[in-house]
Each structure stands twice: as structure tokens, then as C-alpha cells.
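The values are calculated or read from the model by the stated rules, or taken from the named source; none is laboratory data. Owing to the predicted nature of the structure, the values given are computational and were not obtained by experimental measurement. Cβ placement follows ideal geometry from the backbone for every residue including glycine, while neighbour counts extend to all protein chains displayed. The accessibility values were calculated without ligands, DNA or RNA, using every heavy atom of the protein model including side chains. Shrake-Rupley method; radii C 1.70, N 1.55, O 1.52, S 1.80 Å.
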Amino acid sequence: MQEITPKELSEQLQNGDEDPLVLDIRHEEDFEEWHIPGSINVDVYDELTEGSDQAKGPLSDLPRNEQIVTVCAAGVVSETATEVLQELDYDAVTLTDGMNGWSRVHRHAEVPADLDGTLIQVARPGKGCLSHVLISDGVAVVFDPSHYLDKYEAILDEYEAELVGVFDTHAHADHVSGAAELADRHGVPYYLHPKDALAIDATPAEDGQTVMVGSLDVEVIHTPGHSEGSVSFDIDGVALITGDTLFHESVGRVELGVEAGIEDSDVEQNAATLYESLQRLLDRTEDALVLPAHDPGSPEPPVTASLAEVRDWNDDLGRDREEFVKELASDIPDHPPNFERVKRTNVGQESVPADEVAELELGPNNCAAE
């Protein structure tokens, strides 16, 4: 049985040379919820589990002039799909660990920012997550890291930088943060706003506070609404790390903390609070780069836009306060998978065994209002 690793597939798709045909054999509803961009769906999951011969008919119509990569949730049923395709004389391989493996892929690139230092964006295409590493004068801080800490350790080694702090913009609802563990590993502060540090040991990230990173100033801006402890970070007036408060074409949803049972506010209250937070960000320099914690689809770093561009693109920013609150409080999209447990884990109220973390956060991020 031939396999291709998620990293190898990511590199092939990234390079764009002779892309394979990515064939997702899961149920259609699972594919629609979350899939590798550019992949196609032939729902033969039941046929493959009940008797592989039944899948030969639907799989016989695939093009024969390119390699096929089969995908399922964990890379088990897709192995059977690969065997069937090979029997039909297709060039087929299996994606190792399926969508579970795809979720672990990280890519990084430097952000073109006029800073006395280097700003690196780390994209996690399987989750649509973005995190950032700021380096100046040989020291570094990390914003919103995933729990796959080796990705960030590799960047620190590549740039020969010493980690001096780790920041979370908020207690995430879609993925388990690695920030506290990364900070503990290096013996440096973990910064989180007290409103989100409910049961976790963190250095408070308070509104108006400035943290020096080499020769750069990182200013904390309290921007609640998506969560009570959401903050954004202004890096020397050049870049804005906006977390889930402000995306390029949307804003953060406002009900997750309420429905997870960790906030006493209500949805309308949070929407009104978020509106005020956005006004604070819109007062910042127009050419500042907006760097959110998510981007839809499969982000290719660096994903950037100026605040002026975001103002033009983002329909939510054109609404008055009343319309904004009404829209966000009434239009509730699908929740991120297991968001209650993920939120409770990130505020310190629940401990998830290490071998369960990856499965807990599988699926789309769904943290933006639609």
C-alpha cells in the first residue's frame, strides 16, 4: 500500500506542479463541513466498509491521467479505496492519517512589514488558523500558537531567537492552545487577559499595557465581544494582531462563551461590546496590517491586508450599531466542533489527555460570524 504524508501533499499543492487529484471518500455531509480545498467527493464510504466491490462502479469514472490521493477521516477506509483504485489500474495513494493528518500541517512565511525586526505568520491550512512569531534583536514572542509546538521551536531555531514571551489573543473555541505549555517549556511569561484566564496561571495582558520585544513595542488593546478577554496587539503601529475580533471579511461571533457556560453576559450584550471594540481598532493607522487568527479555506501565508482595505471589504464594519447587534445576535452559524470542551480547556477549567487533544479539535474553525 502506497501512502503520501500530509506534509508531502501540502508541498505538492503549494507548488502547484502536477497536482494530484485529491479524492475524499467520506459521507457528503462530512465533506461539505470540512475538506481539503480543491478535493472532490465521491461518497463511497459505506460501500467500502460493507464490501469494496460495490465501490468499483462509482470509482471507475475518475480521470486516469493523474495520481489520485484518497482521503477519509483517519486514513483507514481510504486505504481500501486505494486498493480498489489500484485494482482498476489507477495510480493511487492514501493520505496518511487522513483529515486528522491534514489538520497537523503548518506552513510559515515572513510578513512584509516595515518593522525593526521580523514578523512570521504560521498558517495551519487544515484548520484555517493563523499564528505569528515576532523577532527583534535576537528575542522572540509567539502569538496564538497551536499545540503542535515543534513548529514554533523550529522557527525559533531557524532565526536563532530566544523566546521571551507567549501571547494568546483570547481563549480559543476551535483549537487547543499551546501557549501556556510553550511558555512553561521556556520559563517565560504566558500572557492572557484576566477575563479569559478563569482557572489558568497567566500573566495579565491588560488594556494599554506595553511589552517590549527587542526594540519593538507591543501594545495590548482590550477588544472584548468575541470573548470577554479578547485582546488585540498593536506592533509598533505597523501591524495589528486581531485574534478573532476582526477578520478581513468578517468579525468574531459572539455567543460561544455564553453557550459554553463560561460567560455571564448574553449574546446581544456581547454584540454591542464587539461593536465598540471594533471602533477602537478602526481608529488605528489606516495602513497598519490586519493579522487575524483565522482565514477561511486553506490559508497560504502571509495572509495580510491593510486596515483601509479591511474597512472596504468587510460589510460588518459598514453597519450602524443597531444593525450590527441585530445581525450578529440573530444569525448564528454552525458551532466549531466540541467548542464547549475546547473553551473550557483553554480557560483552565478542563484538562484533556494529550492523546485526545488532536481528535477534540478536528473540523472547521467556524469562529467568524456569517
### Query
Which whole-Hz couplings ³J(HN,Hα) result when phi for each residue of region 143-148 is put into the Karplus expression 6.51 cos²θ - 1.76 cosθ + 1.60, θ = phi - 60°, listed in order with x for Gly and Pro?
10, 6, x, 6, 8, 8
## Note on the structure
Counting only residues 5 or more apart in sequence or on a different chain, those whose built amide H sits under 5 Å from that of Glu3 are Thr94
### Query
Among Ser250, Ser277, Ser39, whose mean-square fluctuation peaks in a Gaussian network model of the chain (Cα, cutoff 10 Å)?
Ser39
#### Entry: Partner lysines for Lys127 [C-alpha distance under 25 Å; skip if fewer than 8 residues away on the same chain]
Lys7, Lys151, Lys343
#### Entry: For Leu62, distant residues with modelled amide H under 5 Å away
none
### Query
Over region 225-340, what percent of the accessible surface lies on carbon and sulfur atoms, probe 1.4 Å?
40
### Phi to ³J(HN,Hα) by Karplus 6.51 cos²θ - 1.76 cosθ + 1.60 over region 82-95, Hz, x for Gly, Pro
4, 4, 5, 5, 5, 4, 8, 6, 8, 8, 10, 9, 9, 6
### Query
Kirkwood hydrodynamic radius (Cα pairs, Å) of the chain?
21.5
### Task
Excluding Asp196 itself, calculate the net charge of residues whose Cβ lies under 9 Å from the Cβ of Asp196, where each Lys or Arg counts +1 and each Asp or Glu counts -1.
-1
#### Entry: Residues with amide H under 5 Å from that of Asp244, placed H, sequence gap 5 or more
Ala293
### Of all accessible heavy-atom area on region 1-110, the percent that carbon and sulfur account for (1.4 Å)
39
#### Entry: Residues of region 15-139: accessible area per residue with a 1.4 Å probe, Å²
42
## Note on the structure
Phi angles of region 155-170, converted by Karplus (6.51 cos²θ - 1.76 cosθ + 1.60, θ = phi - 60°) into ³J(HN,Hα) in whole Hz with x for Gly and Pro, give 5, 4, 5, 4, 9, 6, 10, 9, 6, 10, x, 9, 10, 10, 5, 5
### Query
So which GluC sites (Glu not before Pro) in region 115-177 end up in coil per DSSP with only 10 or fewer other C-beta atoms within 10 Å?
Glu160
### Query
For the chain, what proportion of DSSP beta bridges, expressed in % and rounded to the nearest 5, is antiparallel?
60
